[in-house]
Every structure is written in C-alpha cells, then in structure tokens.
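Notes follow once the structure below has been shown.
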Amino acid sequence: MISIKDVSKQTGVTVRTLRHYDHIGLLKPSGKTEGGHRLYGENELKRLQAIQFLKILRFSLQEIEELLDDNKGDWYNDLQNQLQYCLKEKEKLEQMESILRGLMNEYTMKGKTDLVHVQQLIRLYEDNSDHKQQFLNERFNEKEQELLDLLPNVNRGDADTIEWISLYAQLKKHMSKGVTAVEVQSIIRRMLEKEKETFGQNPKFSEKIWDVRKSQEDSAKAGFYPVEPEVIEFIEAATDFYLKENKE
C-alpha cells in the first residue's frame, strides 16, 4: 500500500488527477490512512497503467471506465473503432503533409506562393478521385498507368521530384533570355536526359504525358500540378530547338 503522493511520483500522474479519478469513480483507492489520506495497492496501480495507456489511444475517461469494467463494453470492437479513427487521422495528416510540401516546392519554383495557387493545390486534394481515375483509364492503358507513379509530384520530397522542381525553377529564371540561350538549352538537355532515364523504354508514354500537360483542362483532370501555358509553350519551343541543333 502506498500513498497518493508516492503513486504520483512513480507514475507521473498528478495528485489532482488521481483525486479526480477517485471522484468520478474511475480509480478508487483501496483504503485510507487514519488521517484520511488515500492508499493504493497493486491492483490500483495496474488499473492506473491501463488508464494511462488508453488515454494515449485517445479514449475518453467515460470510454476508459467502460473498457475497464468487465461487465461493460467490448475491448476488441472499441480498439478496432479507435484504430479506424487513427487511420483517418493519419490520412488527414498525410494530406496536410503533401499540401505543405507542395507549397514549399511551389515557392522553390516561383519564389512565392499566392492565394490562387494555394486554392489550386487544395482542389487537387478534393474528392475527385473517381473522375481522375476515369480520365486516366481513358488516356492510358494498364501498363502505362503503373508508370504514372514515376512522374515527378510537387507534393513529394523524393530526389527525382526535387531535381525536376529545381530544373523548372531555373528554366523560369532564364526564360527572358529566349529559347536559344545557353542556360536554357542546358536545362532542356538535362530534362530530356531525365525523361530518357525514367521512360526511355516507353517513348509513347512520354508523348501521351506531354499531350496531357499541354492542355490545362486535361492536366487538371489528370491531377497534375498547374503550369502556366506560357511556360509549357516555352519548354516545347526550347525542346524543338534543342532537338534540331542536336540531331544524331
């Protein structure tokens, strides 16, 4: 039998909280001293450990009491429900992480993040997965759809995506110099190299992706990050120039 103060020291649960648990009937002391101080035994300490564990799992005190009462509740079903809750929260956090990465990567590409583009990014996460999948099914066969995961995604932080973002940012920086500028042609060369490294065995797939990318409407349907039409036109013109100047 140990005092309430010793329980507090051993478990980190405050004396005030232990008194509250006693008041609501969640954790009753096994006895009291002659002076009226609460005393706790081994069973009470085990119950307190269970309470602490279930609190970590975000059960309410009422739910915890029901779980710990042998005559109430169903441990398995309650834990399963809590698992589903955690999975939903995890999905929300992953979406938030992707949006934040997207905003950070957009800042890298454009040097700023404005409200219009924030709204565009958010729309990419709205529940339009069915429409997106329908569009992809119409444009790409099953094998090609597997390759979609290899495309750079502004909401990821993998090395390939980061390089694509860097190339895009550099290209925008040098656009004013024209498609024939050395800096622009160097960037285009690297873009083509990366495309070949990733999709060299599937040139038709690359062509399909570019056809979708050239259409603002189709890009939105496919869930691609919105790129300004003038940038798309510039990349196409710079690529045409590069291919003409570097015929094998």
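The values are calculated or read from the model by the stated rules, or taken from the named source; none is laboratory data. Please read all numbers here as calculations on a predicted model, not as lab measurements. Quick reminder, even Gly has a Cβ in these numbers, built from the backbone with ideal geometry, and neighbours come from all protein chains shown. In case anyone asks, the SASA skips ligands and DNA or RNA and just uses the protein heavy atoms, side chains included. Shrake-Rupley method; radii C 1.70, N 1.55, O 1.52, S 1.80 Å.
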When every protein chain stays in place and a 1.4 Å probe is rolled, ARG47, ARG16 sorted by accessible area with the largest first are ARG16, ARG47
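Round to a whole number: what % of the accessible area of the chain belongs to carbon and sulfur, probe 1.4 Å?
Reported share for carbon and sulfur atoms: 50 percent.
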Read-out P(r) over Cα pairs in 10 Å bins from 0, in percent, candidates [x] 7, 33, 39, 18, 3, 0; [y] 7, 26, 27, 18, 13, 7, 2, 0; [z] 6, 21, 21, 12, 10, 12, 11, 6, 2, 0; calculated match is [z]
Reduced to Cα centres, the span from segment 1-62 to segment 190-248 in Å works out to 65 Å
Under 16 Å by backbone N from the virtual spin label 7 Å along Cα-to-Cβ at ALA237, the residues of segment 173-199 are 173-185, 188
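Place the peptides 215-222, 30-37, 175-182 in order of packing, highest mean first, counting for every residue the other Cβ atoms within 10 Å and averaging per peptide.
215-222, 175-182, 30-37
Largest first, what is the accessible-area ranking of THR14, THR239 with a 1.4 Å probe?
THR14, THR239
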For TYR21, the net charge from surrounding residues (Cβ-Cβ under 13 Å; K, R +1; D, E -1) works out to +3
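Once a ≥ b ≥ c are taken as the square roots of the eigenvalues of the Cα gyration tensor of segment 1-51, is the result rounded (a/c under 1.5), prolate (a/b larger than b/c) or oblate (a/b not larger than b/c)?
rounded
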For the GLU142, LEU79 Cβ pair and Förster radius 41 Å, calculated FRET efficiency rounded to 0.05 is 0.60
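Of ILE162, ILE2, which has the most accessible area with a 1.4 Å probe, and how do the rest follow in descending order? Could the numbers behind the result be given before it?
Working: ILE162 80, ILE2 40 Å².
Largest to smallest exposure gives the sequence ILE162, ILE2.
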Per the helix-only model, the chain has a calculated mean residue ellipticity at 222 nm (DSSP H runs of ≥4, -39500 (n - 2.57) each, divided over all residues, rounded to the nearest 500) of -22500 deg cm²/dmol
